[in-house]
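The values are calculated or read from the model by the stated rules, or taken from the named source; none is laboratory data. Keep in mind it's a predicted model, so treat the numbers as computed, not measured. Cβ sites come from the backbone with ideal geometry, for glycine too, and all protein chains shown count toward neighbours.
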């Protein structure tokens, strides 16, 4: 997991690290992405990966995404939170299921937000 504070500005270094270390799954927070950056742009040079993303739409900053090796048995999990920027995937590995959740908690997150985040993860029953 990494907090990049603008993935586009660090995309070459990010791709180098992902490929060099042969990561299977990478969770990214504070992507600062929006619809002007298509998946094809972000995945250029990462042909062995698929991308799941949840961009912030209301203002600049935030956003989360998950890069996963394309040979993984992975599917997007629908969460639909309007309070937090969150994305989740379900992995099927050797007969077992795992859920990976990527959550961006902004500095302004109050106690309600923190409790919501904990409840969300705790009650994620897939």
Those residues that are at pLDDT 90 or above, touching a strand residue (DSSP E or B) at 6+ places or on another chain (Cβ under 9 Å) and either loosely packed, with under 13 Cβ neighbours inside 10 Å or not in a strand (DSSP E or B) (or both), I need them from the range 79-119; list them, please.
-> 92, 97, 98
Name every residue in the range 59-72 that is touching a strand residue (DSSP E or B) at 6+ places or on another chain (Cβ under 7 Å), within 13 Å of residue 48 (Cα to Cα) and either at pLDDT below 95 or in a loop (DSSP other than H, G, I, E, B) (or both), in order of residue number.
-> 70, 72
Report yes if some residue within the range 52-65 is touching a residue at least 24 places away in the same chain (Cβ under 8 Å), under 20 Å from residue 104 (Cα atoms) and either surrounded by fewer than 12 Cβ atoms within 10 Å (Cβ to Cβ) or over 15 Å from the mean Cα position of the chain (by Cα) (or both); otherwise report no.
-> yes
Which condition breaks for residue 15 when tested against (1) more than 15 Å from residue 2 (Cα to Cα); (2) assigned to a helix (DSSP H, G or I); (3) in contact (Cβ under 8 Å) with a residue 24 or more places away in the chain?
-> (1)
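Out of contact with any helix residue (DSSP H, G or I) (no Cβ under 8 Å at 6 or more places or on another chain), more than 30 Å from residue 118 (Cβ to Cβ), assigned to a loop (DSSP other than H, G, I, E, B) and free of Cβ contacts under 8 Å to residues at least 60 places away in the same chain: is that true of residue 35 in this structure? Lay out the reasoning, then the answer.
Working: out of contact with any helix residue (DSSP H, G or I) (no Cβ under 8 Å at 6 or more places or on another chain): yes; more than 30 Å from residue 118 (Cβ to Cβ): yes; assigned to a loop (DSSP other than H, G, I, E, B): yes; free of Cβ contacts under 8 Å to residues at least 60 places away in the same chain: yes.
Yes.
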